[in-house]
1. Search the range 5-22 for residues that are under 16 Å from VAL248 (Cα atoms) and outside any loop (DSSP other than H, G, I, E, B) and pair each with any residue that is of a type in the set (Ser, Thr, Tyr) and at pLDDT below 95 when their beta-carbon atoms are under 9 Å apart and the residues are at least 6 apart or on different chains.
2. Do we find a residue being within 15 Å of ILE82 (Cα to Cα), surrounded by 20 or more Cβ atoms within 10 Å (Cβ to Cβ) and at pLDDT 95 or above anywhere in the range 153-164?
3. Under the condition of being in a loop (DSSP other than H, G, I, E, B) and not hydrophobic (A, V, I, L, M, F, W, C), which residue from the range 256-273 is surrounded by the most Cβ atoms within 10 Å (Cβ to Cβ)?
4. Is there any pair with a first residue in the range 40-56 that is farther than 18 Å from ALA260 by Cα and free of Cβ contacts under 8 Å to residues at least 60 places away in the same chain and a second that is part of a helix (DSSP H, G or I) and polar (S, T, N, Q) whose Cβ atoms are under 8 Å apart and which are 6 or more apart or on different chains, and what are they?
5. If you take the residues of the range 73-98 that are in contact (Cβ under 8 Å) with a residue 60 or more places away in the chain and in a strand (DSSP E or B), which of them is nearest to LEU61 (Cα to Cα)?
6. Being surrounded by fewer than 16 Cβ atoms within 10 Å (Cβ to Cβ) and aliphatic (A, V, I, L, M), is that true of even one residue in the range 1-14?
7. Provide a single number: the residues in the range 195-242 that are touching a residue at least 40 places away in the same chain (Cβ under 8 Å) and of a type outside the set (Gly, Ala, Ser).
8. THR153: part of a helix (DSSP H, G or I) and of a type in the set (Ser, Thr, Tyr), yes or no?
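The values are calculated or read from the model by the stated rules, or taken from the named source; none is laboratory data. From a predicted model like this one, the values you see are computed outputs, not experimental measurements. Here the Cβ positions follow ideal geometry from the backbone for every residue, glycine too, while neighbour counts run over all protein chains shown.
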Amino acid sequence: MMTQSSQNPTYYNIADGVTAFSTTRHGGVGQGAYASFNINEWCGDDAQHIAHNRQILADKLGLPSQNIIMPHQTHGISTRIIAKEFMTLPDNIKSMLLEGVDAVMTDLTGVCVGVSTADCIPVLLYDEAHHAVCAIHAGWRGTVARIVLKAITDMRAAYHTDPTQLKAIIGPGISERNFEVGDEVYNAFAEAMFDMDAVAHREVKRNDDAADPKDKFLMKWHINLPLCNQMLLEQAGVPKENIHDTAVCTFDNTDDYFSARRLGINSGRIYNGIFLNPKD
């Protein structure tokens, strides 16, 4: 279903005529925590390195670099439809329209929609019947707010998408084992009526710095974000057999993928993209 992660990008075999992928850390010009392949301009990287890497990616995908669409995500549930008119707008207007957007969709060929992640969960969708694609950024806040359901609802309105005909990829993100959260995050999922028995468990965590002996061992919640989003996809009507979870943990695989929890927020981001291949 996917190519080796040591290559850049990692491609997913979602359907004929569609390219879906996640970038890795390889094959770019970035330095330090941005090494070597980051194209996100909101994480503190060098602008020239970003531009250079973006061109490398465009060349690999066989697209003009302006056809790689990247929103400025804010952990909300706003979506943006990329229509023909959008592509003709000046860059500053495009940027304005992509501000505060966490899911992008299009039915244009040769226009790549994508989201940036570094532990959050990327979800890529393809509507085979109506030839439309969507990229969703689902961090814990977006997951609690059910951004996957919002995006599918918006695809239904824009393209008459029938969720039973969608194909989905759950890309690289943080695993349950490594996604340790405070009670406030656990409570947010519980209040949003997630099946907590299925998506969360508690682990004992040793705290050697504790002054009080009774605080030496703490109980910490862990939440399974990929599973939460799989359940949302199924809830929306996407058949289980149409959902492919890459099961790649970013936290455990920082040689290949960026992880904000491991590398800090001043580090690179994975770009998870999908597009309808241009007609020859």
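1. From residues that are under 16 Å from VAL248 (Cα atoms) and outside any loop (DSSP other than H, G, I, E, B), the pairs are THR10/THR3; TYR11/THR3; TYR12/THR3; PHE21/THR3; SER22/SER5.
2. Scanning the range 153-164 turns up at least one residue that is within 15 Å of ILE82 (Cα to Cα), surrounded by 20 or more Cβ atoms within 10 Å (Cβ to Cβ) and at pLDDT 95 or above.
3. Result: GLY268.
4. Listed pairs, sorted by first residue: ARG54/SER65; GLN55/SER65.
5. Step by step, filter the range 73-98, then rank; the result is ILE81.
6. The answer is yes; a qualifying residue exists.
7. Counting residues in the range 195-242 that are touching a residue at least 40 places away in the same chain (Cβ under 8 Å) and of a type outside the set (Gly, Ala, Ser) gives 17.
8. In short, yes.
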